[in-house]
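The values are calculated or read from the model by the stated rules, or taken from the named source; none is laboratory data. Please read these numbers as outputs of a predicted model, since none were measured by experiment. Every residue, glycine among them, receives a Cβ derived from its backbone with ideal geometry; neighbour counts consider all protein chains shown.
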Amino acid sequence: MHMKRREFNRYLQHSALSLALLPWVHAVATPADRARAWRVNPFALGVASGRPRPDSLVLWTRLLVDEQDRAASGNDPVDVTVELFADSALKQRVQMAKITTDASRGHSVHVLVQSLQPSTDYWYRFRQGEALSTVGHTRTAPALQADVATLRMALTSCQHYEAGLFVAHQEIAQQDLDFVLFVGDYIYESSNAQYTTRKHNTEEPKTLDQYRARYALYKQDAMLQAAHAAHPWVLIWDDHEVVNDYANQIDMKNTPVPEFLARRAAAYRAYFEHQPVLLGPDPKSPQGASMRLHDQFAWGRLADMWTLDNRQFRSPLACPDPVRGGGRMVTQCDALNDPTRSMFGFEQERWLDKGLKASKRTWKLLAQGTQMSSTSIPGPTGRAYWNEAWDGYPEARKRLLQSIADNQIKNVVSLGGDVHMNIAAYLRPAPNDPNSPLVASEFVTTSVTSRGMGEKALGIVRDNNPDLLHARGDERGYSLISVTPSQVRCDFRTTAMPAGSEAGFKTQASFVVEKGNPAPKPI
Ligand SMILES: [Fe+2]
């Protein structure tokens, strides 16, 4: 039986949902398996793939070892078999490998599969003893010099578990995509009394075991599992993967740095253990509180995409409240004009700038955690800026956009998240200044579940920021980004707040950026 990719995705979504709803029934083992007989499905966290290259991919799972299984086998290393197939019927196996994992890495499994064909669909599954994982579908990137007709991705961010159901992922699982681009806030560390759809089952995480438990809750969501099983994912993080509004080494409670870095190390390690990411130099071992996440992707001759980290290396927030740290509106804040402040850190800034100047591909996509355009508003003592997004790092924004202008780099589109709003905007070195050149375009996706700004407040923001062509925070969802040699199209796919199982998705608005013209146009 040959299934088309889309049919397979539907099947997969059904099977992932069934997995969550029915008691787990273990698969038949082959006699060669001398491994454990599991009491509880060790693959209950699902499977994932990511970091698509023309010849390689990362495959991921993490065994969920329940207390009884742990008592029976202790902390012994566990062998996990991974199989890669060329067909959805799993008849043509192209690779098989055995990976050893253990409790020290939370029984996570990362497999870098290599020697693959470009622009090719693959299916994969994991096996341990009598237990079989669900089957995942993935796809490699095109060859570096290939003429690519279309790149399709789902842009997503901000999925507070308590704020709604992950229905956006249910629809994403059914889309025909090259990958899912997740730009941060995959888990939320904190709870919100306003959010009543469902509740986190553990207290706010601070230790590695606590972060593992939080990821385990999210990863058991059937809709999220379906989106992971259907497509490879490309991921960056934002703040909530550690704690709200942290900047580099500083959290909003001004926790002593060594104590905060211990928490950041736990959070970064848990992130690695739960995502199909390859983190260098040693993919098995994030270096304490440091982790290289920023990366570059190429899609044939069509697009270069930089995935950027604007949390780990950023300068401290400008003009913070001395008592309560974290993001806030600031006015008359001299630090905003300080050119030594950076959003990416100067090393990453230089790396990006060099890459942008060298790129020969048509489109240059900047995947980054937050909003680059301005949402500033006039106040009684001067204009007020949200110090946590790019408005809090205007000199860094100007450096990036001025370099794009000075070097005549064309067709740059920023793709962001974090602010729980759908945004289409102009990007200029001096925001909202008609005399400043229009050098790039921006699309920001609304959140999967997290609450956004109300229409009344947002109306004031829109009235005072003519560079915002579209800004709505009242609906939840994701954005479909479709890149062709002639245009980048964004469809904001939305449902009402809170996102619920009865949700229907519609297109809130669509915009295109045509090659050679950075002004997004509504269609
Ligand atoms: Fe968020």
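Some notes on this structure:
- Criterion (touching a helix residue (DSSP H, G or I) at 6+ places or on another chain (Cβ under 7 Å), at pLDDT 95 or above, under 25 Å from MET153 (Cβ atoms) and in the same structural domain as ASN75 (by TED's automatic domain parsing)) met by exactly one of THR120, THR134: THR134
- Taken together, the residues in segment 383-395 that are surrounded by fewer than 23 Cβ atoms within 10 Å (Cβ to Cβ) and either in contact with a Phe, Trp or Tyr (Cβ under 7 Å, 6 or more places away or on another chain) or of a type in the set (D, E, K, R) (or both) amount to 2.
- Total residues in segment 129-143, condition closer than 23 Å to VAL113 by Cα and either within 16 Å of the ligand (Cβ to nearest atom) or not β-branched (Val, Ile, Thr) (or both): 10
- Looking only at segment 430-452, residues that are farther than 29 Å from GLU162 by Cβ, surrounded by fewer than 21 Cβ atoms within 10 Å (Cβ to Cβ) and not acidic (Asp, Glu) come to 7 in all.
- Matching residues, segment 43-85, being part of a loop (DSSP other than H, G, I, E, B) and either modelled with pLDDT of 95 or more or at positive phi (or both): PHE43, ALA44, LEU45, GLY46, ARG51, PRO52, ARG53, PRO54, ASP55, SER56, LEU63, GLY74
- Residues satisfying the stated conditions in segment 437-457, i.e. within 16 Å of the ligand (Cβ to nearest atom) and of a type in the set (Val, Ile, Thr): VAL444, THR445, THR446, VAL448, THR449
- Once segment 390-436 is narrowed to residues that are within 16 Å of the ligand (Cβ to nearest atom) and not small (Gly, Ala, Ser), the residue that is nearest to LEU302 (Cα to Cα) is LEU415.
- In the set ALA270, ALA266, ALA227, only one residue is surrounded by fewer than 22 Cβ atoms within 10 Å (Cβ to Cβ) and at pLDDT 95 or above; that residue is ALA266.
- From the options PHE344, PHE297, residue that is among the aromatic types (Phe, Trp, Tyr) and under 15 Å from ARG51 (Cα atoms): PHE297
- In this structure, LEU112 does not qualify as assigned to a strand (DSSP E or B), out of contact with any helix residue (DSSP H, G or I) (no Cβ under 8 Å at 6 or more places or on another chain), aliphatic (A, V, I, L, M) and assigned by TED's automatic domain parsing to the domain that holds ALA266.
- Residues (surrounded by 15 or more Cβ atoms within 10 Å (Cβ to Cβ) and small (Gly, Ala, Ser)) located in segment 93-118: GLY106, SER108
- Close pairs (9 angstrom Cβ cut-off, 6 or more residues apart or separate chains): in contact (Cβ under 8 Å) with a residue 24 or more places away in the chain in segment 317-329, surrounded by fewer than 20 Cβ atoms within 10 Å (Cβ to Cβ) and of a type in the set (Lys, Arg) anywhere: LEU317/ARG328; ALA318/ARG341; CYS319/ARG328; PRO320/ARG328; ARG324/LYS253; GLY325/LYS253; GLY326/LYS253
- Subset of segment 192-205 [more than 20 Å from SER108 (Cβ to Cβ) and out of contact with any His (no Cβ under 8 Å at 6 or more places or on another chain)]: ALA193, GLN194, THR196, THR197, ARG198, LYS199, HIS200, ASN201, GLU203, GLU204
- Residue pairs whose Cβ atoms lie under 6 Å apart, sitting 6 or more positions apart in sequence or on different chains, and linking a residue in segment 191-210 that is within 26 Å of PHE272 (Cα to Cα) to a partner that is aliphatic (A, V, I, L, M) and assigned to a loop (DSSP other than H, G, I, E, B), do not occur here.
- Residue match in segment 343-355 (condition: more than 23 Å from the chain's Cα centre (by Cα) and crowded, with 18+ Cβ neighbours inside 10 Å): no
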